[in-house]
Structures are given as C-alpha cells and as structure tokens.
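Since the structure comes first, as structure tokens, the remarks are kept for the end.
The values are calculated or read from the model by the stated rules, or taken from the named source; none is laboratory data. A quick note: this is a predicted structure, and the numbers were derived from the prediction, not measured. As a convention, Cβ positions derive from the backbone with ideal geometry for all residues, glycine included, and neighbour counts pool all protein chains shown. Side chains are part of the model used for accessible areas, which takes the heavy atoms of the whole protein and leaves out ligands, DNA and RNA. Shrake-Rupley method; radii C 1.70, N 1.55, O 1.52, S 1.80 Å.
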Amino acid sequence: MIKITIDNKIIAAKEGQSVLSAALEAGVYIPHLCHHPSLPDIGECKLCIVEIEGRDGIHTSCTTPAEDGMVIRTRSERIDSLRKLSMELMLAGHPSECTACPKYGQCEFQSLIQYIGVSDTRLRKVPSNNLYTEENPLFVRDLGRCVLCGRCVRACEDVRGVGVLGFKTRDGRTEISIRNGGLLADGDCRFCGACVEVCPTGALHDKNELLRSYGTKESALVPCRSKCPAHTDVPRYVAYVREGDFSEALAVIREKAPFPHTLSLVCMRFCEDACRRGCVNEAISIRDIKRIAAENGTDLWKSRAKSSPSTGRKVSVIGSGPAGLTAAYYLARKGHTVDVYEKLPKAGGMLRYGIPGYRLPEEVFESEIEDILQAGVRLHVNSPKTPQELLNEGTDAVLVAVGAHKGIRLPIEGNDLPNTYTAVEYLRNAALGSITGLGDSVLILGGGNVAFDVAGVAHRNGIKRIMMACLEPRDAMTAGKEEIEEGLGYGLELYNGKTFLRVVQNEEGKLSVLCRDVAELSVDDSGRMNIVPVPDSDQWLTADSVIFAVGQKPELEGFELEQNRGLLVVNGHRSSVEKVFACGDSVTGTLSIIHAIASGREAASAIDLSRRGW
Amino acid sequence: MQCNKMISNINGIGFPYSGERDRCSVDYVFRLLDQLRNTLCGKGVFCRDAASQLYSIVGSIRGGEGKSGDVGLIREICQASLQLADCEMTREAVKEILSLLDTDGENWDAHITRRRCPSLSCESLTIFYIDPAVCDGCGKCTDICPESAIDGSPALIHVIDREVCTRCAACEPVCPVSAIKRADVAGVPPKTPDAPVPVGSFKAEPVRKGLRKGLRP
C-alpha cells in the first residue's frame, strides 16, 4: 500500500493511481475540470496543480502517479495564483451570466468559479464560437458555453471508440468539431449520450422537452424503465440479450413481473413509445427482445429469486388474473401462506378469457401460472368468495384483484335487443369454446384494443363482414397502430368519429344502429365527455349482430367496499375495510396487463409492509 | 498530454523578432500571437486560452486602446504559460514576448500611454494619406480600396477620406510611385487637397507649427 502526504494529511493510494484520484477518494478535494473518473486524464485544465517536495516546478496531480512517501501541497501562493489565472482564462471565453443556463446549479464550471473565487473583470472578454443548435436529435449543442475541457472528445474516442468529436482551430478559435462537419448523424454518431453525460457545463445537454415530463433526470434518461408501469430494468435485460445471456435477461425481467413470456407477446410496450432511440430513428424492439429472452432463458431465475422464511401469516387473493397471481407470487416469496380464489373454472383472468388465443396461446400463460403455483401459491377454482367470508375464515389479509369483467352497454335505446353482446361476453364465450352465432355481419362499437380483439376473433370465426365504429378520429384511437393495421388488412370496415343514438331491429331480424358524425370531442375536468355532433349527419349502420366494446367495470356484488364510479376506492392499495386490499383493473379500470402486474406487485409490497399491524 | 508542436511550426512570420524587419515590437507580437492561436492544437488552457487572451490584449494596445495594467497582465500570463504550457511552441513564443517587453519597453509604453506607434507600423495608430507631390493619378489605389475610401480620376491627385478609411493598408503595396504614406495619428495632420485636383496643381502651404490653434507667434 502506497502512502502519500497531502497538505499534512497521510492518505493511502493504490498502485498506479494518480495523486488526484487518491486524494479525491480519501476526501481531500483538489479543484479539477478536465479530469473525470471514467475518462483517461490529460492534465490540460491545470486546476489540479500541486507542488511535490523534492521536485521542481508545478505538476498536474491527475497525471502524476502516486508514489510512496510523496509529500504534496495543494495550496501555495504560486499555485493559487496560477489556478486562479487558469479559471480566468477559461472564463474569458464563457458567457458571464449563469442564470439563463440550463445547467444552472449543476454546472461544475459554475461551482469552480465560486470555489476558487474568480470573476471575469480582470481579463478581456474573448469572443467565442456561438454555435447553438437543436438540429441534432436528443441533445442541444451550445458551443458558447463550452470550456474546451475535452471530456466529450475523450468519452467519444477513448471510452466508446467512436471518435466523432475532435478539437479544431479555425479563425483563431478552437472548438469541438464533429467529424465531417455538420450534424452528429453525418459524423456517424451513435447517440450513446456519453458526451452529454460527462460535459461539465451547459454546452451539451439533453433537450428540455425530453426531460420535462419526468420527475428526475435519471428517469428521463432511462424512459423505458420509468415509463414501464412495473419499472422493469429494460436496459439491463436488453444488454444481457445482446451478450446472448438469455437466462440472466429473463431473471432481470422476473424481478418485476412473473409473466415474461406472456408480456413478450401481448404487452402494450409503453417502453417502446418512450424509447429515446425513437428520436434518432426508431424505438428498440424491446418486446421482441423480451421474447427472445423468454423463449431461450433457463430456470436460472429460480435460484436468483429470494425466498423469505415463513411468516405464519395467511393472505387470501380473490381473482387469478395477472394482478392477483403476481401479488400471490411475491407474497409467497415473502413467506406468507397464499390462497388464490377464482370464480371461473380456470385461472388466468383476462389472459384466458379476455385476450384471444391467437394472440396469446393458452400454454404460454399456463406454464407461467404453473411457475407461480410452484412457488407455494394454492389455487382454488370455481370458488367465488367475498372479502368478508375470507376474513371470517381467519385469513390475515384479503387482496381483491377481480379485474373488470362486466362489459358496459351504451345507455341507448335498444341496447339489450337480441343479438347484442358485450365484448367481454363474446371473448369469454369464444375462449370457453361456446361460439356465439353472430350471423354474417357484425358491428363493433368502440375503438380500443378490446374492440380489435373482438374483430380478430370474429374474423377467425369466419364472419364475412366486420364493421367497427368509434367516437375517436383515426389518429386518436386508443388501440395500437399494429392492431388497427392488422384489422384493415383483413377487410375490417372502420367508421371513425361516430356517436350512437339507438339500436333498432328490422323485420328480417337485422340490427341497425343510428349514428351521427362527431364534430368535436372533449373531456371536461370531471371526466365527463362532451360531444358536439355534426347537424344532419344521421346515418344507419346495419349488421346481424352488435357488440359493445366500450369499456368494462368490475363485478363487485356482495363485496361491501367503498366504490366510486364503479371502481374500488383505495389508499395505497388499502380499501375502505381494514385488512382488505385491492389492486388491478378493479381499482384502475381497464388498463393493460403490465399495469395489472405492476399493481399486483405494489399491493403485495403494501400487504407485506403492513404485517406489523396484524 | 504533451503536445509536440515546435516554434518552427509557426510560419508566415519571421522568428525571432528582428528590429530591422519587423520595426514595431507590438505589431510583431500581435502577428506572432495570431499565428500561434491558429497553429496550436487547442487542448491546453495555457496555450489556447492564454494565446487568445494575449491576442486580445495586444490587439487593443495595437489599436490604441491599451490600459495601464496591460503590460503586467501580459507578463503574468506569459510567465504562467512558460511554466504550464504543454508545447515548446507556446513556451518559446511567450519567452519571446517577455523578452520584447524587457528590451523594447519604451515602445510598449508609447502605445499604451500616448497611443502612438513611433515606427508607424500599427495601422490603427496611423493616418494614411496620398502625398500630393508624388501621386501621378494612376488610379490603382482606388481600384483596390475595399471601402471605396479613395477618391480620384485619371490624372487627378487621389485623396483618401480619413473618415471612411479603415487603415487596412491594401493600397500601400499597389502604388507604383509609393505615394501612399503614413503619418502619426497624434501628430500634425499632413496637408492634402480636400478633393481631387489635377496632378501638379496642388501646393502645400508650409505648416506653421504651434500656430494651428490660433496662437500668436
């Protein structure tokens, strides 16, 4: 172990470590700017200068290797004046005001100005390159704020091995230039962001509009993870897949969600919508990468999953959909005895009864449910239960995860005529194998993913003419783009911007829906929809049957829990009744599988944390 | 990082300073610094920022806008660069500047305190005029002047409008009879015609020194 003395303090240094790194590690601050812990040192800013006993002159501590017995001074009259002059020289070409800078308060140069105590009054202001451009994706380049420390150049060249950036002197001014001039893309930039990460000033910064909607900088820089409802560590598993380590990747996904294979087929991919790469060219195919991990990974995750010793507590979960089973899995891992009660004959909830088998094959989610049961979860099918019954039976906590299985019919005349169905009814019957006769043509009212699932199933069941009508214009439909394109691909007739007035049956038994064009659609503060119709735009759409795919709500008869607009009211997953928790669609309304999974995991955490009060 | 630029990388200016060739040490240092800042690699503070700062200070001295502390400031920056610059080129250049401040201090003092360039090298501190006794009215200076500051027609004595002239010195080398001359900006202005007159017709009145302000002899 090397020992060096800095300002009368003896500190330890590692072999080959620079004096500056050793000092910083030991908590001795030496001012520095061009040094960055992830980059090779070049000793160009001259702020880290020190005097070394027995050696002439002044030395940059970042480029001086620590040697045993070195005696170092970081302050002296000579050092102080040189350090100050170096700052003044850099400041002469830098804007004087800090307050307008986006890096204000996080700028290393600003901190150094204050720490060393310099102003720009003694020297001449030197004109600098004022190139400011937002033309590149992701980053803003503001060369007027550049102090030419060269960190970005080293990050690009030495760390990433790309070498897009370099020093260039023209017209007597030095600037950081892009290979081939022009924009970053022209210089073959990979947009890794390393240069932005190491920039000490506001010269390189992330575009504000990319940061604005996120709470913290980190969440903005890893939007795939922060926009995933379950906060799956996307970059980590994508990196594992890249290295071909599918099992590690799968273990990463399973940290947050016990349905990786299911998600890899039907997740709504909030991660891909947020992917920063989308600003450069197109989003990373995260869901497909997940599928590679899910289909090729081994059971390594089982040895990675932590299991706590038994708590002796009993938790009952009502509902075996993604939310309920996720909660059950993590509760079992935490050492609780978990019983899951399912009203229907088989477990899976909407995975089984809502999502058509052509999108999500049964064996995929069944094997993942099997994994959950293997973790010690007991499943009771054909067992409708209410929270009160379970509490009376002696369970310590109840989790309500019943989902939203009751299809809504629009409150219009004729909504209960024969051959009218809700999407839930239709999809469930299709899953149970009891095909509902729709006739030769069907009209689906609604434009979400569920509506397209209905259309897809109807198409696969040989219905000749499939029509879909919804309130929203085409570009505001809630269904995924792919779903819409797939539908149009097999001949779906899509009617956008319609409101519905009544359903009537004609003599042949056909159903006709009276529609009216929508001129304007808005939602007020209370969530109520305001529809302004186009005058005299009434028209009829006629089909053999009509399916309402306009939303679902939970079935909560006999639960005696506080509700608001048909949804359970919770506070941190606690319902209005003690020891009764709730999660998933029954709380949030119909969202997505990944939302349900995230909600289940959070509820499991809330239940686990509450056990002190049991 | 050590940069291996040598003072021989600087070309376009003779090095070192030679009084005969370069005449004014301020102007020479200004041109030396211009070469330096365009030649250096741009990585180190005491090369890059020192050179542009010195260029800026010397530039203002050369333009008659020097301040009393400037020589001290130049010395401080040069001495720091001598210790901390990474290349031999910068170190040799600042060594040269330091030595010129010592050996030619009077010249620097004339520029800063009296706003004069004794050798009439620094254009901003001089007046350009066309000697009416020499001009043959060829018109070459009119053609080359980028500011159209020279008035005249063939066979007329040409006249420089001092308000418009930017002292770029472009006309100097093109005059075949060397009629374009410099005068000290702080001295007595040379007598020239107010507007072009035929060659040979202008007679300069003798200047009566000291009486221009209406003082009696």
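Residues considered: B:ARG91, B:ARG21, B:ARG31. Largest GNM mean-square fluctuation over chain B, using C-alpha springs under 10 Å, is found at B:ARG21. Toward the positive end of the charge dipole of chain A, with +1 on the Cβ of Lys and Arg and -1 on the Cβ of Asp and Glu, the farthest Cα among A:ILE58, A:SER21, A:GLY446 is that of A:ILE58.
For segment B:88-152, applying the loop criterion from DSSP together with a ceiling of 16 other beta carbons within 10 Å to the GluC sites (Glu not before Pro) yields B:GLU147. Straight-line cross-link partners of A:LYS346 among the aspartates and glutamates, defined as a Cα under 15 Å from its Cα and at least 8 positions apart when in the same chain: A:GLU362, A:GLU363, A:GLU366, A:GLU368, A:GLU370.
Counting Lys and Arg as +1 and Asp and Glu as -1 over every other residue whose Cβ lies under 13 Å from the Cβ of A:ILE10, the net charge comes to 0. For chain A, take the longest principal axis of its alpha carbons; what is the angle in degrees between that and the long axis of helix A:449-460, to the nearest 10 within 0 to 90? Taking the Cα atoms of chain A, the angle to A:449-460 is about 50 degrees. Charge dipole (Cα centre; +1 on Lys/Arg Cβ, -1 on Asp/Glu Cβ; no other charges) of chain B amounts to roughly 560 debye. Report note on the peptides A:491-499, A:402-410: ranked by the mean count of other C-beta atoms within 10 Å, highest first, their order is A:402-410, A:491-499. Could you let me know the centre-to-centre spacing of segment A:21-62 and segment A:112-128, using Cα atoms, in angstrom? Computed from Cα coordinates, the inter-centre distance equals 21 Å.
Lysine pair count for chain B (Cα-Cα distance under 16 Å; residues 8 or more apart in sequence or on different chains): 7.
When the helices of chain A are scored as -39500 (n - 2.57) per DSSP H run of n ≥ 4 and the total is divided over every residue, the value at 222 nm lands at -8500 deg cm²/dmol. Would you mind checking segment A:164-196 for residues with the amide N under 15 Å from a putative spin-label position 7 Å along Cα→C-beta of B:ASN11? The answer is none.
How shielded is B:46-59 by partner chains, expressed as the average number of their Cβ atoms within 10 Å of its Cβ atoms? Walk me through the numbers before you get to the answer.
Details: counts 7, 2, 9, 16, 4, 4, 10, 10, 2, 3, 8, 3, 0, 1.
Taking all residues of B:46-59 together, the mean is 6.
Measuring nothing but how far apart in sequence close Cα pairs (under 8 Å, 6+ apart) lie, relative to its length, chain A scores a relative contact order of 10 percent. Here B:LYS67 and B:LYS191 are evaluated by their C-beta separation; at R0 = 30 Å the FRET efficiency comes out at 0.30. Taking B:GLN83, B:GLN35, B:GLN53 as the candidate residues, the one with maximal mean-square fluctuation in a Gaussian network model of chain B, Cα springs under 10 Å, is B:GLN83. Residue-wise HN-Hα couplings along segment A:303-319, as the Karplus relation 6.51 cos²θ - 1.76 cosθ + 1.60 with θ = phi - 60° gives them from phi, are 7, 7, 6, 7, 10, 8, x, 4, 8, x, 9, 10, 10, 10, 10, 9, x Hz; Gly and Pro carry x.
Accessible area of A:GLU282 (1.4 Å probe, protein heavy atoms only, ligands and nucleic acids ignored): about 130 Å². Using only Cα atoms, what Kirkwood radius does the protein assembly as shown have, in angstroms? It works out to 34.3 Å. With both labels modelled 7 Å from their Cα along Cα-to-Cβ, the B:VAL177 to A:ASP525 distance reads 9.0 nm.
Taking Lys and Arg as +1 and Asp and Glu as -1, the other residues whose beta-carbon sits under 12 Å from that of A:ASN136 total -3. For helix A:362-374, report the angle its Cα long axis makes with the longest principal axis of the Cα atoms of chain A; keep it between 0 and 90° and round to the nearest 10°. Result, in degrees: 70. Quick check on segment A:370-427: take the gyration tensor over C-alpha atoms, sort the square-rooted eigenvalues as a ≥ b ≥ c, and tell me if it's rounded (a/c under 1.5), prolate or oblate. In terms of gyration-tensor shape, prolate. Contact order, relative form, for segment A:406-553: 34 percent (alpha carbon pairs under 8 Å, 6 or more residues apart, mean separation divided by residue count). Strictly over 23 Å apart at the Cα level, which of A:LYS227/A:LYS290; A:LYS125/A:LYS217; A:LYS227/A:LYS334 would you flag in this model? Too far apart for the 23 Å limit: A:LYS125/A:LYS217; A:LYS227/A:LYS334.
A dipole drawn for the protein assembly as shown from +1 and -1 charges on Cβ atoms has a positive end, and of A:GLY335, A:ILE284, A:GLY93 the residue lying farthest that way is A:GLY93.
With the charge dipole of segment B:1-142 set up from +1 on Lys and Arg Cβ and -1 on Asp and Glu Cβ about the Cα centre, the Cα lying farthest toward the positive end among the listed residues B:THR39, B:VAL134, B:ILE10 is that of B:THR39. Electrostatic tally near B:CYS168: other residues with Cβ closer than 10 Å to its Cβ, Lys and Arg +1, Asp and Glu -1, net -2.
With charges set only on the Cβ (+1 for Lys and Arg, -1 for Asp and Glu), what does the dipole of the protein assembly as shown come to about its Cα centre, in debye to the nearest 20?
2000 debye
Rolling a 1.4 Å probe over the protein heavy atoms gives the protein assembly as shown an accessible area of 47 Å² per residue. The angle separating the long axis of helix A:593-609 from the principal Cα axis of greatest extent in chain A is about 70 degrees.
A:GLU218 versus A:ALA239, label points 7 Å from Cα toward the beta carbon: distance in nm? Label-label distance for A:GLU218 and A:ALA239, simple model: 1.4 nm. Note on the protein assembly as shown: antiparallel DSSP beta bridges, both residues inside, total approximately 60 percent of the bridges counted.
With charges set only on the Cβ (+1 for Lys and Arg, -1 for Asp and Glu), what does the dipole of segment A:437-591 come to about its Cα centre, in debye to the nearest 20?
Using only the charged Cβ atoms, the result is roughly 120 debye.
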